[in-house]
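Scroll down for the structure; my scribbles are underneath it.
The values are calculated or read from the model by the stated rules, or taken from the named source; none is laboratory data. Computed from a prediction, not measured in an experiment: that's the story for all the values here. For neighbour counting, all protein chains shown are included, and Cβ atoms are generated from backbone atoms with ideal geometry for every residue, glycine included. Just so you know, the surface numbers come from the protein's heavy atoms only, side chains and all, with ligands and any DNA or RNA stripped out. Shrake-Rupley method; radii C 1.70, N 1.55, O 1.52, S 1.80 Å.
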Amino acid sequence: MTIDPRLSETSPAAPITENGLFLADVWDGLAANPKALPAKYFYDAAGSELFEQITVLPEYYPTRTELRILDERGPAIAALLPEGAALVEFGSGSTAKLRRLLRHLPGLAAYVPVDVSGEFLTAQAETLRGDFPDLTVEPVVADFTRPFGLPEGVKDKALAGFFPGSTIGNFEPREAGRLLDVFGRILGPGAVLVLGVDLVKDREVLEAAYDDAAGVTAAFNLNLLHRINRELDGEIDPARFTHRAVFNAEASRIEMHLVSRRAQTIRVAGRSFAFAEGESIHTENSYKYTLDSFRALAARAGWTSAEAWTDRDGLFSVHALRRAG
């Protein structure tokens, strides 16, 4: 699976529009063996709201643990960033985690949030300017998985990167390495990148985090089918699918699936797809690393480890990487 939107040659009828790309990816994914859909399509308005609910669930440790590390280790993180730097946040979304760092970065010259959602990005930037009137905020609407240009006002400043939230784990390791290389080319030699990385831990803890007792993660996963119905003229009964989250120890990843409860045929925009009972749609991977395995991945992409911090229970890590000069 990949988060890069692209048309496939197997989807000739899908136009090159936002919904056309969505349709092409859905057709391609459902025609594949095994079936799979890109995780990026979780995040319509309903999916985003469900994800916000997930982040405060008792089983879901990543968000609160990363925030605690940023609070406790903020001065040490700030000490690695050059005075007067511009901080580029890749896939910025909410500014909650950035705000935890800003209290330790009084000398930050500029903040460059990067996201594909222009409307949301603009709203977040305006709020941040109101709360931090002395901070220059230069939003960039771009796909952070591909090289993009920085605003003219920050090109003469030292650059640092911020990529919180363990998003790196949603990429296949080879793709994660390519992404880190893209970040390096954007930030330049000697730059520092601060990012969150989820850690390998007991299966029970991992699986509970992605299959909570209240069923919120199940609703988040199943919402993908509702979205296909709403936006792509889908004819799918979500009640005929069930959520499954399992830790694949060999691949060191949590996998989320939508499993067909029975043999059935669904339709999307007039095209039919058959399911056997128990057949699944693979909807997400979330890779888990050890400190050493992530450092090795980063090194292959041209980064060296400056420091890494974990919580007391070893659930989560925040890494500071330095781009080779």
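Quick look at the numbers
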quantity: Enumeration of residues in region 272-325 that are closer than 30 Å to Phe241 by Cβ, assigned to a loop (DSSP other than H, G, I, E, B) and of a type in the set (Gly, Ala, Ser); calculated: Ala276, Gly278
quantity: Of all residues making up region 68-93, the number that are under 20 Å from Glu119 (Cα atoms) and either exposed (fewer than 15 other Cβ atoms within 10 Å of the Cβ) or at pLDDT 90 or above (or both); calculated: 3
quantity: Conditions (1) more than 14 Å from Asp181 (Cβ to Cβ); (2) touching a residue at least 60 places away in the same chain (Cβ under 8 Å): number failed by Arg323; calculated: (1)
quantity: Members of region 225-249 found to be out of contact with any strand residue (DSSP E or B) (no Cβ under 6 Å at 6 or more places or on another chain) and of a type in the set (A, V, I, L, M, F, W, C), listed by number; calculated: Leu225, Ala239, Ala249
quantity: Pairs with Cβ under 7 Å, 6+ apart, first in region 63-76 and touching a residue at least 40 places away in the same chain (Cβ under 8 Å) and under 15 Å from Leu315 (Cα atoms), second assigned to a helix (DSSP H, G or I) and open to solvent by 50 Å² or more (accessible area, probe 1.4 Å); calculated: Leu70/Arg100
quantity: Scope region 94-110; condition open to solvent by 10 Å² or more (accessible area, probe 1.4 Å) and touching a residue at least 40 places away in the same chain (Cβ under 8 Å); matching residues; calculated: Lys97, Ala109
quantity: Failed condition for Gly84, given (1) part of a helix (DSSP H, G or I); (2) under 21 Å from Ala320 (Cβ atoms); calculated: (1)
quantity: Residue that is at pLDDT 85 or above and at negative phi, where the choices are Arg100, Arg6; calculated: Arg100
quantity: Residues of region 296-319 satisfying the condition of being farther than 19 Å from Gly74 by Cβ and buried (at least 18 other Cβ atoms within 10 Å of the Cβ); calculated: Leu297, Ala298, Ala301, Trp303
quantity: Unmet criterion (only one of (1) open to solvent by 20 Å² or more (accessible area, probe 1.4 Å); (2) small (Gly, Ala, Ser); (3) out of contact with any Ser or Thr (no Cβ under 7 Å at 6 or more places or on another chain)) for Ser272; calculated: (3)
quantity: Residues of region 131-160 satisfying the condition of being under 12 Å from Gly188 (Cβ atoms) and surrounded by 14 or more Cβ atoms within 10 Å (Cβ to Cβ); calculated: Leu150, Val154, Lys157, Ala158, Leu159, Ala160
quantity: Count of residues meeting criterion [out of contact with any strand residue (DSSP E or B) (no Cβ under 8 Å at 6 or more places or on another chain) and within 18 Å of Leu179 (Cα to Cα)] in region 105-148; calculated: 4
quantity: Tally of residues being farther than 26 Å from Val205 by Cα, in contact with a Leu (Cβ under 8 Å, 6 or more places away or on another chain) and either modelled with pLDDT under 95 or of a type in the set (A, V, I, L, M) (or both) across region 299-325; calculated: 3
quantity: Single unsatisfied condition, Gly190 versus (1) under 17 Å from Pro82 (Cα atoms); (2) open to solvent by less than 30 Å² (accessible area, probe 1.4 Å); calculated: (2)
quantity: Single residue of Ile228, Ile236, Ile281, Ile254 found to be among the β-branched types (Val, Ile, Thr), free of Cβ contacts under 8 Å to residues at least 60 places away in the same chain, under 14 Å from Leu30 (Cα atoms) and open to solvent by less than 20 Å² (accessible area, probe 1.4 Å); calculated: Ile236
quantity: Positions within region 257-269 being surrounded by fewer than 18 Cβ atoms within 10 Å (Cβ to Cβ) and not aliphatic (A, V, I, L, M), in sequence order; calculated: Arg261, Arg262, Gln264, Thr265, Arg267
